[in-house]
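A short write-up of the structure that comes next.
The values are calculated or read from the model by the stated rules, or taken from the named source; none is laboratory data. Only a predicted model underlies this, so the values are computations on that prediction, with no experimental measurement involved. Here Cβ is always computed from backbone atoms with ideal geometry, including for glycine, and neighbour counts include all displayed protein chains.
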Amino acid sequence: MTVDREEAGALLNAVEGIEGRVRQLLLYAHVSDYLFLWGTIWFVGFIGDYLLKDRAALLWLALQGIGLIGTVLIVARHRRNAGTQNWAMVARAGISVIAVIGFGTLWLSLFHVGWREEVTFWPTFLSFLLFLVGLWAGRTLALAAVAIFAISLLGYFVATGPYLLLWMAVAGGGSMLAGGVWLRR
Amino acid sequence: MAGPDEIIHQSVRLKIMAALNAAGRNEWIEFTRLRNLMDVTDGNLGAHLETLSKAGYVTQEKRFEGKRPQTRIKATPAGRKAFAEHVAYLRSILDNT
């Protein structure tokens with residue numbers, strides 16, 4: 001069997017194209033796991049906020065703990081599947097979650113914002129971070145992030161009183177879950 | 001430098017191995033997802049997978065995802081090695097001419 005330069009070049013191009021698509025699919029599957037996890041947490045948390053009112057702080061603390069552990073487990077599972085179990089990377093994932101929650105909590109405390117701004121901050125902030133990842137990783141992810149951001153922000157303007165909490169549960173959490181399904185198509 | 005691998009060299013099989021190799025060592029790819037990536041028919045993909053399986057380059061697993069039957073495929077270590085050598089061979093052609 002002889003292979004000329006032209007054929008070799010075409011085959012290598014095809015290989016690179018397929019490798020790129022598979023890496024993107026795997027990344028989308030990875031991100032969709034986070035969307036399922038955090039979409040569920042938002043849904044439960046905001047419903048809890050609506051029902052429990054001032055007593056929901058403990059619920060959010062527990063949910064954040066679940067989110068932290070869940071995120072670490074997702075990273076560990078993906079690293080194991082990739083065949084490159086890397087505990088430093090798993091630890092970095094946990095630190096990232098703590099850093100994001102800490103950063104948001106710090107600035108919300110310093111700015112003394114109202115509860116509506118606080119409720120709207122988290123979905124818009126996290127979808128903004130997701131959008132930045134999507135700019136590098138792929139258009140579908142960026143579009144999903146924009147949709148989550150827009151739906152969450154819309155709630156701030158149209159959902160009156162405590163209905164904002166229900167909006168964030170159903171539209172915010174729901175759009176994250178829908179985004180997860182969309183990325184897995 | 002090893003010569004061409006006649007099993008992997010066929011363009012669809014080369015792309016199948018590229019896809020499976022790009023996935024992690026313990027990562028499976030579903031048959032339907034692989035078919036969509038390759039843009040081939042079920043029968044065509046099945047035939048190429050059979051050839052790769054006989055060569056020991058891929059392993060296939062049939063299971064149920066809920067109530068839905070699912071076939072998933074993974075590259076074997078021998079398949080990854082053969083793919084890497086074939087790609088190195090193709091690169092050497094570009095480098096040497």
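Taking the listed residues A:Arg77, A:Arg55, A:Arg21, the one that is more than 23 Å from A:Ser175 (Cβ to Cβ), away from chain B (no Cβ under 14 Å), part of a helix (DSSP H, G or I) and of a type in the set (D, E, K, R) is A:Arg55, with no other qualifying. Of all residues in region A:53-62, those that are under 22 Å from the mean Cα position of the chain (by Cα) and at positive phi total 0. Exactly one residue out of A:Arg92, A:Arg185, A:Arg80 is surrounded by fewer than 15 Cβ atoms within 10 Å (Cβ to Cβ) and closer than 21 Å to A:Val22 by Cβ, and it is A:Arg185.
Which one is nearest to the chain's Cα centre (by Cα), of the residues in region A:114-171 that are among the polar types (S, T, N, Q) and surrounded by fewer than 21 Cβ atoms within 10 Å (Cβ to Cβ)? Once the filter is applied, the top-ranked residue is A:Thr124. For A:Gly39, the test of being surrounded by fewer than 21 Cβ atoms within 10 Å (Cβ to Cβ) and modelled with pLDDT of 90 or more is failed.
For (1) farther than 21 Å from A:Ala57 by Cα; (2) modelled with pLDDT under 90; (3) assigned to a helix (DSSP H, G or I), each residue gets a yes or a no:
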| site | (1), (2), (3) |
| --- | --- |
| A:Leu106 | no, no, yes |
| A:Leu132 | yes, no, yes |
| A:Leu143 | yes, no, yes |
| A:Gly179 | yes, yes, yes |
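Exactly one residue among B:Arg25, B:Arg80 is charged (D, E, K, R) and under 12 Å from the mean Cα position of the chain (by Cα), and that residue is B:Arg80.
Which residue, of B:Leu49, B:Leu90, B:Leu34, is surrounded by 12 or more Cβ atoms within 10 Å (Cβ to Cβ), more than 12 Å from chain A (Cβ to nearest Cβ) and either in contact with a helix residue (DSSP H, G or I) (Cβ under 9 Å, 6 or more places away or on another chain) or not in a helix (DSSP H, G or I) (or both)?
The conditions single out B:Leu49.
Restricting the first member to region B:11-29 and to residues that are at the interface with another protein chain (Cβ under 8 Å from one of its Cβ atoms), and the second to residues that are part of a loop (DSSP other than H, G, I, E, B), the beta-carbon pairs closer than 6 Å and six or more apart or on different chains are B:Gly24/A:Gly83; B:Arg25/A:Gly83; B:Asn26/A:Gly83; B:Ile29/B:Ala23. State all residues of region B:41-97 that are within 24 Å of A:Glu6 (Cα to Cα) and hydrophobic (A, V, I, L, M, F, W, C); if no residue qualifies, say none. B:Ala82, B:Phe83, B:Ala84, B:Val87, B:Ala88, B:Leu90, B:Ile93, B:Leu94, listed by residue number. Evaluation of B:Leu20 against the conditions (1) modelled with pLDDT under 90; (2) assigned to a helix (DSSP H, G or I) shows that the sole unmet condition is (1). Being in contact (Cβ under 8 Å) with a residue 24 or more places away in the chain and farther than 20 Å from B:Glu30 by Cβ is a property that A:Tyr50 has.
Could you pull out the residue among A:Gly83, A:Gly65, A:Gly9 that is at pLDDT 90 or above, more than 15 Å from the chain's Cα centre (by Cα) and within 14 Å of chain B (Cβ to nearest Cβ)? Residue meeting the stated conditions: A:Gly9. Scanning region A:1-35 for residues that are polar (S, T, N, Q) and surrounded by fewer than 14 Cβ atoms within 10 Å (Cβ to Cβ) turns up A:Thr2, A:Asn13.
Could you please find all residues in region B:53-69 being charged (D, E, K, R), in a strand (DSSP E or B), surrounded by 10 or more Cβ atoms within 10 Å (Cβ to Cβ) and at pLDDT 90 or above?
B:Glu61
In region B:52-69, of all residues being polar (S, T, N, Q) and farther than 20 Å from A:Ala82 by Cβ, the one that is farthest from the other protein chains (Cβ to nearest Cβ) corresponds to B:Ser53. Restricting to region B:70-84, and then to whatever is surrounded by fewer than 20 Cβ atoms within 10 Å (Cβ to Cβ) and more than 13 Å from chain A (Cβ to nearest Cβ), can you tell me which residue is farthest from B:Leu52 (Cα to Cα)? The qualifying residue farthest from B:Leu52 (Cα to Cα) is B:Gln70.
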